[in-house]
Amino acid sequence: MNVWTGTGRLTKDPEVRYTKSGICMCRMNIAVDDGWGDNKWVNFFPIIVWGKLGDVCRRKTNRERTRREI
């Protein structure tokens, strides 16, 4: 399992699908700024969250919520 801790912003609303057995899969992309001064760039990370945590991500995250909190 890969674990990453960081701060970023959603590039679009999460995409949610369910497997035939009913397991939730939430797919999203996060943009993270990096660098300093004139040498800034953006890294994009694809994120896939499974199971109950995927369902929580579906309910709690969207681009509008991110814009309001900033």
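Looking only at the stretch 7-29, residues that are in contact (Cβ under 8 Å) with a residue 24 or more places away in the chain and not basic (Lys, Arg) come to 12 in all.
Pairing residues of the stretch 35-61 that are in contact (Cβ under 8 Å) with a residue 24 or more places away in the chain and open to solvent by less than 100 Å² (accessible area, probe 1.4 Å) with residues that are part of a helix (DSSP H, G or I) and not acidic (Asp, Glu), at Cβ distances under 6 Å and at least 6 apart in sequence or on separate chains, gives VAL49/CYS57. Restricting GLY35, GLY22, GLY8 to those that are of a type in the set (Gly, Ala, Ser) and within 13 Å of the chain's Cα centre (by Cα) reduces the list to GLY8.
For the stretch 1-46, the tally of residues that are out of contact with any helix residue (DSSP H, G or I) (no Cβ under 7 Å at 6 or more places or on another chain), of a type in the set (Val, Ile, Thr) and either within 14 Å of THR61 (Cβ to Cβ) or at pLDDT 85 or above (or both) stands at 6.
The values are calculated or read from the model by the stated rules, or taken from the named source; none is laboratory data. Not measured: the values here are computed from a predicted model. Heads up, the Cβs are rebuilt from the backbone with ideal geometry, glycines too, and the neighbour counts pull from every protein chain shown. Accessible surface is based on the protein model in full, side chains and every heavy atom, while ligands, DNA and RNA are left aside. Shrake-Rupley method; radii C 1.70, N 1.55, O 1.52, S 1.80 Å.
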